[in-house]
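**Q** Have a look at the structure that comes next, please.
The values are calculated or read from the model by the stated rules, or taken from the named source; none is laboratory data. Remember, it's a predicted structure, so these values are computed and weren't measured experimentally. Please note: Cβ atoms are built from the backbone with ideal geometry, for glycine as well, and neighbour counts cover all protein chains shown. Please note that ligands, DNA and RNA were not included when accessible areas were found on the heavy atoms of the full protein model with its side chains. Shrake-Rupley method; radii C 1.70, N 1.55, O 1.52, S 1.80 Å.
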Amino acid sequence: MPHLPLFLFSYRTCTKLLKMGGAVSAGEDNDELIDNLKEAQYIRTELVEQAFRAIDRADYYLEEFKDNAYKDLAWKHGNIHLSAPCIYSEVMEALDLQPGLSFLNLGSGTGYLSSMVGLILGPFGVNHGVELHSDVIEYAKQKLDFFIKTSDSFDKFEFCEPSFVTGNCLEISPDCTQYDRVYCGAGVQKEHEDYMKNLLKVGGILVMPLEEKLTKITRTGPSAWETKKILAVSFAPLIQPNHADSGKSRLVHLPPVAVRSLQDLARIAIRGTIKKIIHQETMSKNGNGLKNPPRFKRRRVRRRRMETIVFLDKEVFASRISNPSDDNNNCEEFEDERREEEETKPSELKPDPPVNFLREKFLLFLS
């Protein structure tokens, strides 16, 4: 009996840690983290995988905390917060994102999720975020600017740039437009469920933590819904509006959804044209886009005598017992191969570093 409280404490602690993340092994870098998420079936579709690989999670950490960026754990520092990678994976998969859709991120935080979503929505999508803390909005804008100016992924994808506004997501103006996809990154109380549902268009998808379950709600009609529980989670609850100062609600006005300006359409067309030119140049240079085949080492054909054959579960395993004379002959053959490889080795020792042709074209165009 004296050990019972300790056992209960350990069990509850482990359960809480699993809800916060830690479902997959830590990675050495962003790609290894994504590999682990795929292996654990959190990432299941190619679109989601491409978005996760295109944006390095560590770029959204403060410098002194980047060592933890590739662990499957949530991170919080002051008002800055990132959910665990396994949670973001489930959210991205559940949203069923497609190019051209409209997306609303409630509690948009660092903008990490919004930027990944923007890579899928493309230039004709809508990407809005609402964040309570103004300092986090500023942090998100800095990270977005860094991504646009430095990342090759910005040039490889047609990006729907997110727009962030400051305010409480429970005070969105009732005359706002409805969205195809909505995500809430804080725990939603049952009394706010209908409020969240009304932000959706018919056919839209809402993903949110509801009663400690990550929940997917699809609006199938004006007053018809399908609900699916995805995953047990532990999120901090939504912060209730505080009207103590003025007694009035501070309505949050989202950016208007307007037709693209002529300038935006021209920019999209120019980017598309430059991409096509670069693609054609690459194909012409490499011969229909195929690189020179890699050099393979020449191998002498050796006659090997199989001494034993074992049958195990319908598979054949063959092994050879070598003798000293065989080993001597092999050493001579390896020496001949080494000399041949040195003679046929190309003059260049290292391949040329990769060049971002699209970025170079843009800089030339702007100069």
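**Q** List the pairs whose first member sits in the range 124-136 and is closer than 18 Å to Ile80 by Cα, whose second member is hydroxyl-bearing (Ser, Thr, Tyr) and assigned to a strand (DSSP E or B), and whose Cβ atoms are under 6 Å apart, counting only residues at least 6 apart or on separate chains?
**A** Qualifying pairs under 6 Å: Ser134/Thr166.
**Q** Of the residues Ser89, Ser83, which is open to solvent by less than 60 Å² (accessible area, probe 1.4 Å), touching a residue at least 12 places away in the same chain (Cβ under 8 Å), more than 11 Å from the chain's Cα centre (by Cα) and closer than 29 Å to Tyr179 by Cβ?
**A** Numbers: Ser89 fails: more than 11 Å from the chain's Cα centre (by Cα).
Going through Ser89, Ser83 in turn, the sole match is Ser83.
**Q** Okay, moving on. Considering only residues that are loosely packed, with under 12 Cβ neighbours inside 10 Å and at pLDDT 95 or above, which ones fall in the range 199-219?
**A** Passing the criteria: only Gly203.
**Q** Cβ-Cβ under 8 Å, sequence separation 6+ or interchain: first residue in the range 155-182 and touching a residue at least 60 places away in the same chain (Cβ under 8 Å) and crowded, with 21+ Cβ neighbours inside 10 Å, partner outside any helix (DSSP H, G or I) and among the hydroxyl-bearing types (Ser, Thr, Tyr). Which pairs?
**A** Correct list of pairs: Tyr179/Ser102; Asp180/Ser102; Arg181/Ser102.
**Q** Moving on to the next point. Let me spell it out: the conditions are (1) touching a helix residue (DSSP H, G or I) at 6+ places or on another chain (Cβ under 7 Å); (2) closer than 29 Å to Pro241 by Cβ; (3) of a type outside the set (A, V, I, L, M); (4) crowded, with 20+ Cβ neighbours inside 10 Å, and Tyr139 meets all of them except one. Which number is the exception?
**A** Of everything listed in (1) touching a helix residue (DSSP H, G or I) at 6+ places or on another chain (Cβ under 7 Å); (2) closer than 29 Å to Pro241 by Cβ; (3) of a type outside the set (A, V, I, L, M); (4) crowded, with 20+ Cβ neighbours inside 10 Å, Tyr139 misses just condition (1).
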